[in-house]
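Chemist: Take a look at the following structure, please.
FYI, it's all coordinate maths here, none of it is from the lab. Please read all numbers here as calculations on a predicted model, not as lab measurements. Cβ sites come from the backbone with ideal geometry, for glycine too, and all protein chains shown count toward neighbours.
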Amino acid sequence: MKMYESLFNRQKQFYQSGRTKTLSFRIEALKQLKRSIRYYESALLDAMEKDFNKGRAEAYLTEIGYVYNEINYTMKHLEEWAETKKVKTPATHIGSTSKIYKEPYGVTLIIAPWNYPFNLTVAPLIGAISAGNTAILKPSEHTPTVAGVISNIMTLAFPEKYVASVEGGIETNQSLLSLPFNYIFYTGSSHVGRIVMESAARHLTPVTLELGGKSPAIVTKHADVKLAAKRIVWGKFLNAGQTCVAPDFVYADAKIKKKLIHHMKYYTEKFYAEAFKTGTYMNIVNQNHFERLRGLIQGNVVYGGTTRPATLTIEPTIIDDVDFGHDAMQEEVFGPILPVLQFESLDKAILDIRDLPDPLALYVFTDRKSEAKNVIRSIPFGGGAVNDTVFHLVNPHLPFGGRGNSGMGKYHGRYSFDTFTHEKSILHQTTCIDFPFRYPDSKLLGKAIKYLWK
Ligand code: NAD
């Protein structure tokens, strides 16, 4: 028998009992999840510090607080989202009514990366629970202490037949991916996203893929340059640049680039220099990523550049005069290194970015609405912000997800519920009348259709 097949079967059986589907069960499960996280809150913060030196305040803000907020928001709106929805019925169906029933998929698999190891495992789980599914979680092996605490949280909150967290590396994923899940929610690199989708295809399992990419920050000559610099370096160097929606590179109008870099250096120093000096700046998750990133620090380094192999720390680094041939422009940076490129015309910049794979996020800094609209409408990307970075992610009213190389599907807030829900369309037909038009012996069939569908 395949590894985890027994766990999968127990979840399937529990799902088929129907217990996970009632609204009261789902609300209670969300409450229980919150209680259990609270119980392990301190252990979770310790674990994040241990795994990659993530500061407690930042960890609370971007991981735990975020998850509490999602749980609260979901509990508040769940009844309304889960309601069966009556929709219009056309005249061709006279006498009948039409409804959309909300139905969970069944047994779901959630695979998460290491960069926000708690948030990216538990935020999708909120969607899975709220829609009435069972779930097997697979946190990243690169943050093993956090993965251990996640297991404890789930064990305290739920029986394994409902929600279970599985620890392990690639073989564990491969083993899980061989099972006929009813839905797979994967967050991680585009490379592994392809592997997940291939495995899912064997069972025709639907997937959400939350992937990465090179997210640009475009700064036009009409931008508030100082504010742009401040918001770009904040979004970039947060979590040591290991954020899927971090600005990956800056593409600035040549006319304001010098001024922009001046302010970027100022704010990087202000926000992060002390942390780097005192050893509290977050480190790179492992040796491989550290070495990869170190190799990207080349050319005209105008800020930072220091690396500390003993602690796997890289100083926030800004590189000027970069072009598309630079090593840092070949793949997603995913670390505290920010290349700056310049353009002479915004139209040309738009064409350049359109030539790259569709990014997960895009940021445009300008005070001209028409410029912002032009960028938004001309370039395909997941989502983003005008005059800000990263912050769009924490608005539960906005769906979050990529397209093309940066993924498929969306979640957060109501969209998480929708992602884990199948909409079952039902026509409730009357038995009081039976119009003859549709039947082959009706002479009126052709006439009726011609009249109604002309
Ligand atoms: P990763 O793809 O290497 O790992 C993610 C998960 O996949 C882990 O649980 C890992 O065990 C598993 N995995 C790795 N190799 C596998 C294989 N061959 N077969 C099956 N499973 C495998 O990603 P990562 O390095 O942990 O995370 C970084 C990437 O994730 C970046 O590209 C980043 O942009 C992206 N990301 C995207 C989002 C988003 O919401 N869109 C959020 C965070 C990170």
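Chemist: Compute the signed sum of charges (Lys and Arg +1, Asp and Glu -1) over the other residues within less than 13 Å, Cβ to Cβ, of TYR411.
Modeler: -1
Chemist: Continuing with the same structure: Just the number, please: Stokes-Einstein D of the stretch 216-394 in µm²/s, Kirkwood Rh from C-alpha pairs, 10 °C, 1.306 mPa s.
Modeler: After rounding, the answer is 99 µm²/s.
Chemist: Neighbouring Cβ atoms within 10 Å as the yardstick, rank HIS392, HIS203, HIS191 fewest first. Please list the in-between numbers first.
Modeler: Working: HIS392 18, HIS203 14, HIS191 10.
Going from least to most buried by this count: HIS191, HIS203, HIS392.
Chemist: For helix 190-202, what angle does its Cα long axis make with the longest principal axis of the chain, in degrees from 0 to 90 and rounded to 10?
Modeler: 20
Chemist: Here is a further query. Helix 369-378 versus the longest principal axis of the chain: what is the Cα-based angle in degrees, 0 to 90, to the nearest 10?
Modeler: Computed tilt is about 70 degrees.
Chemist: Taking every alpha carbon pair in the chain, what does the distance histogram look like in 10 angstrom bins from 0, in percent?
Modeler: Reading the bins upward from 0: 4, 19, 26, 22, 15, 8, 3, 1, 0.
Chemist: Based solely on its DSSP helices, what 222 nm [θ] is calculated for the chain when runs of n ≥ 4 H residues each add -39,500 (n - 2.57) and the sum is averaged over all residues, nearest 500 deg cm²/dmol?
Modeler: -12000 deg cm²/dmol
Chemist: Can you list the HN-Hα couplings for the stretch 216-227, worked out from phi with the Karplus curve (6.51, -1.76, 1.60; θ = phi - 60°), rounded to whole Hz and with x for Gly and Pro?
Modeler: In residue order, the calculated couplings are x, 10, 8, 10, 8, 6, 9, 7, 7, 5, 5, 5 Hz.
Chemist: How large is ³J(HN,Hα) for each residue in the stretch 268-280, as worked out from phi by the Karplus curve 6.51 cos²θ - 1.76 cosθ + 1.60 (θ = phi - 60°), to whole Hz, x for Gly and Pro?
Modeler: Each residue of the stretch 268-280 in turn: 5, 4, 4, 7, 10, 4, 4, 4, 5, 4, 8, x, 9 Hz.
Chemist: Residue by residue through the stretch 158-174, which ³J(HN,Hα) values in whole Hz follow from phi under the Karplus form 6.51 cos²θ - 1.76 cosθ + 1.60 (θ = phi - 60°), with glycine and proline marked x?
Modeler: 9, x, 4, 5, 10, 9, 9, 10, 10, 9, x, x, 4, 4, 4, 4, 4
Chemist: Which lysines, if any, have their Cα less than 29 Å from the Cα of LYS447, not counting same-chain residues under 8 positions apart?
Modeler: Filter leaves LYS88, LYS99.
Chemist: Right, something else. Okay, which of the stretch 417-454 sit inside 15 Å, backbone N to the point 7 Å along the Cα-Cβ direction of ALA91?
Modeler: From the stretch 417-454, the list is 447-454.
Chemist: Positive end of the charge dipole of the chain (Lys, Arg +1 and Asp, Glu -1 on Cβ, about the Cα centre): tell me which of GLN330, GLY193, ASN72 has its Cα farthest that way.
Modeler: Checking the options against the dipole of the chain, the answer is ASN72.
Chemist: Continuing with this model, one more query. Of HIS412, ILE261, LEU427, which is farthest towards the positive pole of the chain's charge dipole, taken about the Cα centre with +1 and -1 on the beta-carbons of Lys, Arg and Asp, Glu respectively?
Modeler: Looking along the dipole axis, the top candidate is LEU427.
Chemist: Let me have the relative contact order for the stretch 226-342, percent, based on Cα pairs under 8 Å that are six or more residues apart.
Modeler: Computed value for the stretch 226-342: 33 percent relative contact order.
Chemist: I've got another one for you. List the residues whose amide H sits under 5 Å from the amide H of ALA252, counting only those 5 or more places along or on another chain, with H placed 1.01 Å from N in the peptide plane.
Modeler: The answer is VAL219, LEU341, GLN342, PHE343.
Chemist: May I pose another question? Going by amide H atoms built from the backbone, whose H comes under 5 Å of the H on ALA246, apart from near neighbours?
Modeler: none
Chemist: Please report the relative contact order for the chain, taking Cα pairs under 8 Å with a sequence separation of at least 6, and give it as a percent rounded to a whole number. Kindly include the intermediate steps, with their values, before the conclusion.
Modeler: On the way: 879 pairs, mean separation 82.2, N = 454.
Relative contact order here is 18 percent.
Chemist: Summing Lys, Arg as +1 and Asp, Glu as -1, what charge do residues with Cβ under 14 Å from the Cβ of LEU398 carry, LEU398 excluded?
Modeler: For residues surrounding LEU398, the net value is -1.
Chemist: Calculate how steeply helix 144-157 sits against the longest principal axis of the alpha-carbon atoms of the chain, using the helix alpha-carbon long axis, and give the answer as 0 to 90 degrees to the nearest 10.
Modeler: 30
Chemist: Pull up all non-local amide H partners of HIS422: gap of 5 or more, or a different chain, and H-to-H distance under 5 Å with H placed in the peptide plane.
Modeler: HN-HN under 5 Å from HIS422: GLU103, TYR105.
Chemist: Using 0.36 nm per residue of separation minus the Cα-Cα distance, give me the extension gain between SER98 and ALA57 in nm, one decimal.
Modeler: The span from SER98 to ALA57 would gain 9.8 nm if fully extended.
Chemist: Identify all lysines with a Cα-Cα distance to LYS161 below 24 Å; exclude those on the same chain that are fewer than 8 residues away in sequence.
Modeler: LYS161 reaches LYS2, LYS12, LYS21, LYS31, LYS34, LYS102, LYS138.
Chemist: Work out, step by step, the length gained on full extension between LYS424 and SER42: first 0.36 nm times the residue separation, then minus their alpha carbon distance; give nm to one decimal.
Modeler: Answer, rounded to one decimal: 133.3 nm.
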